[in-house]
1. Name the single residue, out of those in segment 1-49 being of a type in the set (G, A, S) and closer than 19 Å to A77 by Cβ, that is nearest to the ligand (Cβ to nearest atom).
2. Looking at I84, I113, I118 in this structure, which one is within 14 Å of the ligand (Cβ to nearest atom), among the hydrophobic types (A, V, I, L, M, F, W, C) and not in a helix (DSSP H, G or I)?
3. Determine, yes or no, whether F165 is surrounded by 18 or more Cβ atoms within 10 Å (Cβ to Cβ) and more than 10 Å from the ligand (Cβ to nearest atom).
4. So L136 ticks every box in (1) in contact with a strand residue (DSSP E or B) (Cβ under 9 Å, 6 or more places away or on another chain); (2) part of a helix (DSSP H, G or I) but one. Which box is left unticked?
5. Considering only segment 50-65, how many residues are within 13 Å of the ligand (Cβ to nearest atom) and charged (D, E, K, R)?
6. Output the number of residues of segment 19-34 satisfying the condition of being within 23 Å of T100 (Cα to Cα), modelled with pLDDT of 95 or more and surrounded by fewer than 15 Cβ atoms within 10 Å (Cβ to Cβ).
7. I'm trying to understand the selection: among the residues of segment 185-213, which are within 16 Å of the ligand (Cβ to nearest atom), not in a helix (DSSP H, G or I) and not hydrophobic (A, V, I, L, M, F, W, C)?
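The values are calculated or read from the model by the stated rules, or taken from the named source; none is laboratory data. The structure presented is a predicted model; accordingly, all values stated were derived computationally and were not measured. Note that each Cβ is placed from the backbone with ideal geometry, even for glycine, and that neighbours are counted across all protein chains shown.
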Amino acid sequence: MTRTARFITVEGLEGAGKTTVLNAIEAQLRASGVDLITTREPGGTSLGEDIRELLLGHKHDGMADDTELLLMFAARAEHLHKVIRPALDRGQWVLCDRFTDATYAYQGGGRGIDMARIETLERFVQGTLRPDHTFLLDLPVKQGLDRAAGRSEPDRFEKQREAFFDAARATYRARAQAEPGRFRIIDASRDLNGVLAQLQASVSALLDEELGA
Ligand code: T5A
């Protein structure tokens, strides 16, 4: 069967359930015969995972907002070069836990970095490559933080104030509204079964669109 490889991303705030639903999306795509890889940002390569440690850990006494932004794009450049582009070139679909929408949400919305500067870096690092489809797991900030808190020690981002995440959520939602053809919004405030049911319907619609299945 001839297929064009697709680049799919999953986005949302802390505790939205991305890791949980990523497995369900992967299983449904594979069951439909899609050959794919799964990966994540920041990270996805050996160098990228080291950068992730710098970004999420507490080894250094914080970092400048621009340092954070540039490290995100440095990890992304490596990820694109070593993992994402080669997979797409081989005809494999790529399913990625977070990508550049997270940079707009967290560094743009959360930190307040000018979106135009992020756009410049996006063009520099990615050229014209953008995700084909994005699942946005949307839920109230406090609900997500409560879920994430029940799981492990907070990372450097999870220590931000609620206002940071309010701005990140608003940015995600604005981007989804601006690009309704790419984004599929999932109500992640529901229980896991409710989330998975919405997701399954949404992935089926995506497969219909892409494969005419
Ligand atoms: N970042 C990333 C940037 O600032 N800029 C960027 O450009 C990029 C790429 C990455 C951090 O880096 C930032 C954003 C992040 O802060 P991460 O580990 O990828 O960190 O992201 P997190 O959001 O921290 O990942 P989490 O693991 O916290 O969230 P998930 O994956 O959304 O949530 P998940 O699936 O682990 O679930 C959390 C808990 O909730 C439960 C799960 O069982 C789990 O215990 N849960 C539910 N409970 C009830 N009902 C549901 N529907 C549930 N779904 C999950």
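1. Filtering segment 1-49 down to residues of a type in the set (G, A, S) leaves 5, 12, 15-17, 24, 27, 31-33, 43-44, 46, 48.
Then keep just the ones that are closer than 19 Å to A77 by Cβ; that gives 43-44, 46, 48.
Details: G43: 8, G44: 10, S46: 17, G48: 10 Å.
Filtering first and then ranking leaves G43.
2. I113
3. On the way: surrounded by 18 or more Cβ atoms within 10 Å (Cβ to Cβ): yes; more than 10 Å from the ligand (Cβ to nearest atom): no.
Judged against the criteria, F165 is not a match.
4. (2)
5. Initial filter on segment 50-65 (within 13 Å of the ligand (Cβ to nearest atom)): 51-57, 63, 65.
The next check asks that each one be charged (D, E, K, R); those that pass are 52-53, 65.
So the answer is 3.
6. So the count comes out to 1.
7. Matches in segment 185-213: D187, S189, R190, D191.
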